[in-house]
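One structure is given here, and the rest of the page talks about it.
The values are calculated or read from the model by the stated rules, or taken from the named source; none is laboratory data. Keep in mind that what you see is a predicted model, and the values were worked out from it rather than measured. Glycine also receives a Cβ, built like all others from the backbone with ideal geometry; neighbour counts cover every protein chain displayed.
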Amino acid sequence: MTNSNAPDARDAVDPAVRAELGRLRDSIDNIDAAVVHMLAERFKCTQQVGHLKAHHALPPADPAREARQIERLRELAESAKLDPAFAEKLLNFIISEVIRHHEQIAADNSSPWGSPRTESGGV
C-alpha cells in the first residue's frame, strides 16, 4: 500500500529534466506519426503492384527483389547507425504483409496465384 502523503516520484524530477523529456517525447510522437504516414504511402504503392501482378498473372512474391531490398535496407541501416538485424526484421514483417495483400488481391481476381504461399516475398 502506498502512502498518500509520500511525494510523487515525478515531483522529485528537476523541471528542466521534465521539460527535456517532454520535448524528446514530442519529437518521438512526431516521428511515429511520420512513420505511420510513410507506411501508408508504401502500402498504397504495393497495393498497385499487387493489382498489376494479379492482372498479369504474376506471382505475389518476387524473392530476388526481396533479397535485394533486404540487402539494400541493411546497408542503409548500417550507414544510419541502426541495427541491420532490426531493419531486416522490420522489412521482413512488412514483406509478409505485402504478400498477404497480394495473395488477397490475386484471390479476388481469380488469379492462378491466389493460393497461399509459405515463403517470404512481395516487396
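Going by the structure shown, is Glu75 modelled with pLDDT under 95 and either surrounded by fewer than 14 Cβ atoms within 10 Å (Cβ to Cβ) or more than 21 Å from Ala40 (Cβ to Cβ) (or both)?
In short, no.
Could you tell me which numbered condition Ala6 fails, if it satisfies all but one of (1) at pLDDT below 95; (2) of a type outside the set (Ser, Thr, Tyr); (3) surrounded by 11 or more Cβ atoms within 10 Å (Cβ to Cβ)?
(3)
I need a count of the residues in segment 47-72 that are of a type in the set (Asp, Glu), without any contact (Cβ under 8 Å) to a residue 60 or more places away in the chain and surrounded by 13 or more Cβ atoms within 10 Å (Cβ to Cβ).
Going through segment 47-72 one residue at a time, the tally reaches 1.
Give segment 30-74 a look and list any residue that's in contact with a helix residue (DSSP H, G or I) (Cβ under 9 Å, 6 or more places away or on another chain) and of a type in the set (A, V, I, L, M, F, W, C), or say none.
Matches in segment 30-74: Leu39, Phe43, Val49, Ala54, Ala57, Leu58, Ala61, Ile70, Leu73.
Can we say Lys44 is assigned to a helix (DSSP H, G or I), touching a residue at least 60 places away in the same chain (Cβ under 8 Å) and not small (Gly, Ala, Ser)?
Answer is no for this residue.
Could you check how many residues of segment 50-69 are part of a loop (DSSP other than H, G, I, E, B) and under 14 Å from Asn92 (Cβ atoms)?
Adding up the residues that qualify gives 1.
All but one of (1) within 21 Å of Asp108 (Cβ to Cβ); (2) assigned to a helix (DSSP H, G or I) hold for Leu24; state the number of the condition that does not hold.
(1) is the only condition that Leu24 fails.
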